[in-house]
Each structure stands twice: as C-alpha cells, then as structure tokens.
1. If a residue must be acidic (Asp, Glu) and part of a helix (DSSP H, G or I), how many such residues does region 26-79 contain?
2. Mind listing just one residue for me: the one in region 48-65 that is touching a helix residue (DSSP H, G or I) at 6+ places or on another chain (Cβ under 8 Å) and among the small types (Gly, Ala, Ser) and, of those, surrounded by the most Cβ atoms within 10 Å (Cβ to Cβ)?
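The values are calculated or read from the model by the stated rules, or taken from the named source; none is laboratory data. These numbers were taken from a predicted model, which means no experiment stands behind them. Here the Cβ is made from the backbone with ideal geometry for all residues, glycine too, and neighbour counts use every protein chain on show.
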Amino acid sequence: MKGKKVKTVANQKREEIEKIKFGKINYLLLLFGIVAIVIGYLTLSKGSITTAPILLVLGYCILIPFGLIIREKKKNKVL
C-alpha cells in the first residue's frame, strides 16, 4: 500500500516539474528583462529621469512576469 502512495507522489512531483519547464521564449524574455533593468539602473545613475523609469518598469512589470507566465503551445501530432 505504501509503495503505491510513493509512486503516486513521485508521479505528482514529476508532473509539477514538467509544468515548470521553461522554453526558449521564456529564457529570452527573462534575459531581455534583466538587460532592461541593468540599463535602466545605469541610465538612472547618469541622471536620466525619463528613460530610466521606462526601462525599469518595462523590465520589472512586463518582461520578467511574461517570462515567468508564458508557456509554449503543445504541438498535437496526428498520425
């Protein structure tokens, strides 16, 4: 009885891990978000009060969340 519970728990863990997998688009969005944030802080240190906030909001509020949320569509193969 315990063996079956362990297998079902292991299967559930495996399914959860498969749900978390990132694709190429996720990594690109995260990379662009980090680049936008770094450039935003660099421009902020130079004294820019217009481009720095735009880049920081773009990185923190748009690119990073979309990089975490968006999932690739599964391709249905018809035989």
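1. Total satisfying the criteria: 0.
2. Per the criteria, the residue is 59.
Yes/no matrix, rows are residues, columns are (1) surrounded by 12 or more Cβ atoms within 10 Å (Cβ to Cβ); (2) modelled with pLDDT of 80 or more; (3) not hydroxyl-bearing (Ser, Thr, Tyr):
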residue	(1), (2), (3)
9	no, no, yes
34	yes, yes, yes
46	no, yes, yes
67	yes, yes, yes
78	no, no, yes
